[in-house]
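Step one of this worksheet: look at the structure below.
The values are calculated or read from the model by the stated rules, or taken from the named source; none is laboratory data. Quantities reported herein were computed from a predicted structural model and do not represent experimental measurements. With ideal geometry, Cβ positions are generated from the backbone for all residues, glycine too; neighbour counts draw on all protein chains shown. The area values use the complete protein model at the heavy-atom level, side chains included, leaving out ligands, DNA and RNA. Shrake-Rupley method; radii C 1.70, N 1.55, O 1.52, S 1.80 Å.
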Amino acid sequence: MKDGTKATHAGRRPKDYDGVVNPPVMHASTILYPTVEHMRSERTTRAGDSVTYGVHGTETTFALETAIRALEGGYRTRLQPSGLVACTLPLLAYASAGDHVLITDSVYGPTRAFCDGMLTRMGVEVEYYDPLIGGGIKQLLRKNTTVVWVESPGSWTFEVQDIPAIAEAAHTVGATVIMDNTWASPLYYKPFEHGVDVSTQAVTKYIAGHSDLVMGSVTCTEEAYDRFQRAQQETGICPSPDDVFLAMRGLRTIHVRLPHHMQAGLQVAEWLAGREEVAEVMHPALPTDPGHALWKRDFLGASSLFAFILKPEFSGPEGQAAMLDNMNLFGMGFSWGGFESLLIPIDPPKIRTATQWPRAGRAEGAVMRIHVGLEDVGDLIDDLDEGFARLRGA
Ligand SMILES: *Cc1c(COP(=O)(O)O)cnc(C)c1O
């Protein structure tokens, strides 16, 4: 089955619910057992998952977990109440006091904050590495390295990582390779075909797709699953069934939305690359991007989140404010992956420790990050064009 069919069918069993197309939203804490014998034995749903207590999931949760797993691959998916929990819980699961973990310098900022905060406080040694290190990571691996964290491309600076080379090296010391796969979504990068052991998604972004909920998912290989599921059980972390239902609604159309996001994003990226104010567009699907060859080798498509660097003479704070404060269609706010376009100023040097920004070969200047939504592309380009006119006039 192709992804479009999986996205529309996986996790649904209408015959079990009087023909109702979508699985029911189960609000549950207590689950009643009919007999002592049932209570003492494993209780399972028609899908084969155990239903014992609301915290551990119901058929509502299992349905979305099944659908995400069908698209992303791997052995099993567990839902989390936010994308950030989908990043922090695997770190808690696979790293222990005295361990050493390697984290890409391009990591999502709040994941970095967790590593520098709670993870360090728990006695884990955190080391950041150059996202472009590739197989060279073997020089940094130690006997006690238990996690290698990858995120490709990084959601601020868009370096594409050589994940198969990193994973091969990491596995020589038995480290677990965890990937934040949010940028590509489960459609455009298949982590388990490239050596990843655990994949995290901010479901909040393209899977939910409508800017109305926060959720995460963690998908594991069979070998990695037991350890993760114990962490999930021990912490009692679980999502709300109403949010799961909404996220499932988003997932059913992801294969229709993503190709549009990709095409529209590329059109805007190419237009930006031709602007006099822009020094460089950081978008791996552009042939001029330093990560393009790796992107082409490993990815099946591109999402519509990317960034561009303004020439120094157009990088003044007044010009940026004149542009960004008055956009007609582009909103200014965090997150992305919804149906609407966003444009924000970002400051990569603040979140780097292992590498310098700008990198050698990359332009210097103010950086803006853009998420291209599902509006008409011509209208979006007009909005940007007027924004650049304000920037120049300020
Ligand atoms: C947004 C995001 C997250 C966290 O998701 P939330 O649901 O906002 O907590 C994790 N990783 C990346 C790359 C993200 O962009």
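Of the trypsin sites (Lys or Arg not before Pro) found in the range 1-38, the ones in coil according to DSSP and having at most 12 other Cβ atoms within 10 Å of their Cβ are 2. Our estimate of slack between residue 227 and residue 52, defined as 0.36 nm per intervening residue step minus the Cα-Cα distance, is 61.0 nm.
Mean-square fluctuations from a GNM of the chain, with a 10 angstrom spring cutoff on Cα atoms, peak among 302, 247, 322 at 322. Probing with 1.4 Å while keeping every protein chain in the model, the per residue accessible area of the chain equals 42 Å². Only helices enter the 222 nm calculation for the chain: every DSSP H run of n ≥ 4 contributes -39,500 (n - 2.57), and dividing by all residues gives -10000 deg cm²/dmol, rounded to 500. Quick check of the Kirkwood formula: for the range 254-393, what is the inverse mean of 1/r over all pairs of different Cα atoms, in Å? Evaluated over the range 254-393, this radius sits at 15.5 Å.
Computed from Cα atoms, the angle from the helix 59-72 axis to the main principal axis of the chain rounds to 50 degrees. The listed peptides 165-175, 109-119, 350-360, ordered by packing as a protection proxy, come out as 165-175, 109-119, 350-360 (highest mean of other Cβ atoms within 10 Å first). Simple point charges give the picture: +1 on the Cβ of Lys and Arg, -1 on the Cβ of Asp and Glu, and for the chain a dipole about the Cα centre of about 1020 debye.
Each DSSP beta bridge with both residues in the chain is either parallel or antiparallel, and the antiparallel ones are about 60%. Relative contact order, whole percent, for the chain stands at 16, derived from Cα pairs under 8 Å and 6 or more residues apart. Taking Cα atoms only, the orientation of helix 241-251 departs from the longest principal axis of the chain by about 50 degrees. Shape index of the range 197-275: Rg/Rh, with Rg the Cα radius of gyration and Rh the Kirkwood radius from the inverse mean 1/r over Cα pairs, equals 1.13. Atom-type composition of the exposed protein surface of the range 254-393 places 53 percent of the accessible area on carbon and sulfur (1.4 angstrom probe).
Loop-located GluC sites (Glu not before Pro) across the range 18-110 with a Cβ neighbour count of 11 or fewer within 10 Å are 42, with loop assigned by DSSP.
A DSSP coil position with no more than 14 other Cβ atoms inside 10 Å describes the following GluC sites (Glu not before Pro) in the range 305-394: 364.
The alpha carbons of the range 175-328 occupy a box of 54, 35, 30 Å along the principal axes, longest dimension given first. With contacts taken as Cα pairs under 8 Å at a separation of at least 6 residues, the range 254-393 carries a relative contact order of 30 percent. Computed across the chain, the Kirkwood hydrodynamic radius from all distinct Cα-Cα pairs reaches 22.0 Å. Gyration tensor over the Cα atoms of the range 136-188: the corresponding equivalent ellipsoid has semi-axes (square roots of 5 times the eigenvalues, largest first) of 22, 11, 9 Å.
Element breakdown for the range 68-180 at a 1.4 angstrom probe: carbon and sulfur atoms account for 55% of the accessible area.
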